[in-house]
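To start, the structure under review is shown below, and the notes come after it.
The values are calculated or read from the model by the stated rules, or taken from the named source; none is laboratory data. The model shown is predicted, which means the values in this text are computed figures rather than measured ones. Counting neighbours? That spans all protein chains shown, and the Cβs are built from the backbone with ideal geometry, glycine included. Protein only, heavy atoms only, side chains kept; ligands, DNA and RNA dropped before computing areas. Shrake-Rupley method; radii C 1.70, N 1.55, O 1.52, S 1.80 Å.
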Amino acid sequence: MNPKVSTNQRQGISNEPDWEALRQDFPTLQKHTYMALANKAPLPRQVETAMHEWMADIYDNAGEVSFSMEPIEETRNTVARVFGAPSESIALIKNTSEGINIVAKGLELKEGDNVIISEFEHENNTFPWRYLEGKGVDVRMAEPTEDGCLTLDCYRPLIDRHTKAVSASWVSYGNGYRQDVPSLAALCHDSGAKLVIDAIQAVGILSDPISSLGADIVIAGGHKAQFSLTGAGFMYVNPDIISEITPPYAAKYSFTSNDRFQESPKLAGDSHRFEYGNPNYLGIWVQRRSAEYVESIGLENIEARVREITTYLMDEAEACGLKVLTPKPWQQRAGIVSLDCSMDHEQLVQDLQKKNIFVSYKDGYLRASLHFYNNKNDVDTLIKAIKN
């Protein structure tokens, strides 16, 4: 799964991937202008190849490999390597929602404890915590600044000695604000609180190794920038705190031994404790191949490309009178650009889709979400369609 090699690369002039050649890996882009990654990814041909590979083993070998645990561990190791974490810290889970629920229940919060979220959080980083209000847990809501940012000062007044967790998005699903995770982690840890990060809009685009962020838990479904299937994501848990989270469910893979007659079953000391039952064999197989695809292109290359193409979109939008709601500094954004087009945005998104232009309607505005496969022609097509 190597990226397409450009003429310059063959001549040793540049290490930049051939983006237009890579674009050909995505059949969806031959028919549509697709800028809705924050919903779901247009999958590359490599995913289809991986699915055929998995099925071929079932046909030829009765699934001896496809339904074995060895490829599961290979995926764990690959995901850990590509996204920057020790393999023992990675649990292979279904999606972000499952991970948030594991942590919300596993921290065993009680009456008098409090948790802090924000107005920028997706429903699935909101409801699992709000559900704890029935147990007397105080769920506090951080409000963003007028310019659409969630600074430390938005969180600081809400944190006290009873704060057990702060749960925040690395990149907000709405206006695309990127959180300063290391600084927020330091603020949380000063008060003894855990920092939980919903990273689904960041992993696969931003190159920061997840274990370098300082967060205690980082969770990401795989069906967006990672190019995996729904039902195949991961959860990183800092090895130092794994034992502090009690899994809400348990099965044979959650324990140190599969011997059901053992006298005192012990939960695994690594992130295996958060896995149970038969794994998503097909999804996890694809997850490994997709991570390898991302690795072959290079996360630093991907981040640079997304920065370039989103900056072009923001500049072109402003040039024709549209209001950009996403913060402009790169360190405060990633692949999402929110636009105020001064019209009925929900209807606009529907009208654009009739023209084979896919964007989203979120928080009352148009949301375009881009990856490395997008180019300036995509941006020009979108802007022209909005203005016309």
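If you roll a 1.4 Å probe over the chain with all protein chains in place, what percent of the accessible area is carbon or sulfur?
That share works out to 46 percent.
Listed highest first by mean packing, meaning other Cβ atoms within 10 Å per residue, what order do 356-368, 122-134 come in?
Ranked by mean Cβ neighbours within 10 Å, highest first: 356-368, 122-134.
Counting Lys +1, Arg +1, Asp -1, Glu -1, what net charge surrounds L184 among other residues with beta carbon under 14 Å of its beta carbon?
-4
For segment 37-177, what does the alpha-carbon gyration tensor say about shape, rounded, prolate or oblate, given a ≥ b ≥ c as the root eigenvalues, a/c under 1.5 as rounded, and a/b over b/c as prolate? All intermediate terms of the calculation are to be shown ahead of the outcome.
Numbers: a/c = 2.85, a/b = 1.95, b/c = 1.46.
Taking the square roots of the gyration eigenvalues as a ≥ b ≥ c, segment 37-177 is prolate.
List the relative contact order of the chain as a percent without decimals, with contacts defined as Cα pairs under 8 Å and 6+ residues apart.
22 percent
Mind ranking 342-353, 326-337 by how tightly packed they are, going by the mean number of other C-beta atoms within 10 angstrom, highest first?
By packing density, highest mean first, the sequence is 326-337, 342-353.
Which whole-number value in Å² is the accessible area per residue of segment 107-179, probe 1.4 Å?
Dividing the accessible area of segment 107-179 by its residue count gives 46 Å².
When the chain is fully extended, how far beyond the present Cα-Cα distance does M343 get from K376, taking 0.36 nm per residue of separation?
Extra length from M343 to K376 when fully extended: 9.5 nm.
For a Förster distance of 30 Å, can you work out the FRET efficiency between the beta-carbons of E16 and A319, rounded to the nearest 0.05?
Here the calculated transfer efficiency is 0.70.
Just the projected area, averaged over all directions, of the convex hull on the alpha carbon atoms of segment 286-388: how many nm²?
If I average the Cα hull's projected area over directions, I get 7.3 nm².
If Lys and Arg each add +1 and Asp and Glu each add -1, what is the summed charge of the other residues whose beta carbon sits under 12 Å from the beta carbon of E48?
Surrounding charge for E48 is 0.
Which percent of the Cα-Cα distances in segment 249-329 go past 18 Å?
67 percent
Please work out whether segment 226-360 counts as rounded, prolate or oblate from its C-alpha gyration tensor, where a ≥ b ≥ c are the square roots of the eigenvalues and a/c under 1.5 means rounded, while otherwise a/b larger than b/c means prolate and anything else oblate?
Verdict is prolate for segment 226-360.
How would you rank 48-55, 303-310, 252-259, 110-117, highest first, on the average number of other Cβ atoms within 10 Å across their residues?
Output ranking for 48-55, 303-310, 252-259, 110-117: 303-310, 110-117, 48-55, 252-259.
Would you work out which of Y131, I242, S87 lies farthest towards the positive end of the dipole of the chain? Charges go on Cβ: Lys and Arg +1, Asp and Glu -1.
The listed residue farthest towards the positive side: Y131.
If you restrict to DSSP beta bridges whose two residues both lie in segment 148-224, what percentage is antiparallel, to the nearest 5?
10 percent
Which of the lysines could be linked to K40 by a straight reach, that is with a Cα gap under 18 Å, when you skip same-chain ones fewer than 8 residues away?
K31, K94, K224, K362
Can you give the local net charge around P209? Use residues other than it whose beta-carbon is closer than 14 angstrom to its beta-carbon, Lys and Arg +1, Asp and Glu -1.
-3
What whole-number volume per residue, in cubic angstrom, does the convex hull of the C-alpha atoms of segment 161-270 give?
134 Å³
Quick one: of the DSSP bridges fully inside the chain, what percent are antiparallel, nearest 5?
Expressed as a percentage, antiparallel bridges in the chain total about 50.
Compute and list, largest first, the equivalent-ellipsoid semi-axes of the chain from the alpha carbon gyration tensor, each √(5λ) rounded to a whole angstrom.
Largest first, the chain gives 34, 29, 18 Å.
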